[in-house]
Every structure is written in structure tokens, then in C-alpha cells.
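Rule-based calculations on the coordinates, nothing more; no lab input. All values reported here derive from a predicted model rather than from experimental measurement. No Cβ is skipped: glycine too gets one built from the backbone with ideal geometry, and neighbour counts run over all protein chains shown.
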């Protein structure tokens with residue numbers, strides 16, 4: 001039962017990491033374009049949605065795996081009986097999202113690898 005509880009807790013944090021990744025990409029690309037003007041606007045909307053559908057799972061998985069490894073090897077020991085553990089874990093996901101977002105931005109815009 002303890003293992004099932006831990007798996008469910010990590011599934012919750014994985015969901016939070018995917019939501020934070022979607023928020024990062026929404027800030028990066030802006031809101032969804034309006035497709036009511038014509039064919040080119042519709043094509044732009046499809047490209048936007050395709051980018052979101054492809055990038056959210058990739059970046060979300062990177063953030064989730066980084067968070068789980070950090071939680072297993074570092075945070076569990078430090079936050080054993082701490083009431084603020086959930087807040088600290090949430091802030092850790094936000095920091096990981098910012099870090100992965102910064103690396104994504106550097107690789108895409110500065111170095112031009114992606």
C-alpha cells in the first residue's frame with residue numbers, strides 16, 4: 001500500500017510538471033492564434049497546436065524525471081517531517097521548469113541547435 005501511495009504522489013507531481021511546462025510554452029509562444037480570418041491563419045493554428053503537442057510531453061518528461069530524482073535523492077531526506085514540504089516541492093518544480101526553459105531558449109535562439 002505504501003508503494004501505491006508513493007506512485008500516486010509522484011503521478012500528481014508529474015501532472016504538475018506537465019502543467020508548468022504548458023504554462024512555460026504558453027508564455028513563450030503566446031496565446032493561441034485566431035483561425036477565423038482565413039486559410040493561412042488556420043495553418044498557423046495547426047502549426048501552433050502541433051508544436052505544443054510535441055513539446056509539452058518532451059519538456060514535461062525532462063522536468064518530471066529531474067524532479068523525481070531530486071526528490072528521491074535529496075528532498076526526502078531534508079523534508080522528512082517538514083510541514084512546508086509540499087510548497088518546497090512545488091517551488092522545486094517551478095525552478096526546474098525555469099531551468100529547462102532557459103536551456104531550451106539558449107539551445108534554440110542563441111546556439112541555434114534546435
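Compute the helix-to-body angle for 2-29: its Cα long axis versus the longest principal axis of the chain, expressed 0 to 90° and rounded to tens.
30
Roughly what would the spin-label model give for residue 52 and residue 108, points 7 Å off Cα along C-beta, in nm?
In this crude spin-label approximation the distance works out to 1.4 nm.
State whether segment 1-91 is rounded, prolate or oblate according to the following rule on the C-alpha gyration tensor (a ≥ b ≥ c being the square roots of its eigenvalues): a/c under 1.5 gives rounded; otherwise a/b larger than b/c gives prolate, and the remaining case gives oblate. Numbers along the way, then the final one.
On the way: a/c = 3.60, a/b = 2.95, b/c = 1.22.
Note, shape of segment 1-91 comes out prolate.
Quick one: if the Förster radius is 41 Å, what FRET efficiency do residue 42 and residue 88 give, using the C-beta to C-beta distance and rounding to 0.05? Walk me through the numbers on the way to the answer.
Details: r = 44 Å, r/R0 = 1.08.
Using R0 = 41 Å, I get an efficiency of 0.40.
Under the definition of Cα pairs under 8 Å and six or more residues apart, what whole-number percent is the relative contact order of the chain?
Details: 64 pairs, mean separation 35.0, N = 114.
Rounded, it is 31 percent for the chain.
Please give the contour-minus-distance gain from residue 9 to residue 22: 0.36 nm per residue of separation, less the Cα-Cα distance, rounded to one decimal in nm.
2.7 nm
With a point put 7 Å past each Cα toward its Cβ, work out how far residue 98 is from residue 72 in nm, to one decimal.
2.7
Angle, helix 85-105 long axis vs. longest principal axis of the chain, Cα atoms, 0 to 90°, nearest 10?
Between the helix axis and the principal axis of the chain, the angle is about 40 degrees.
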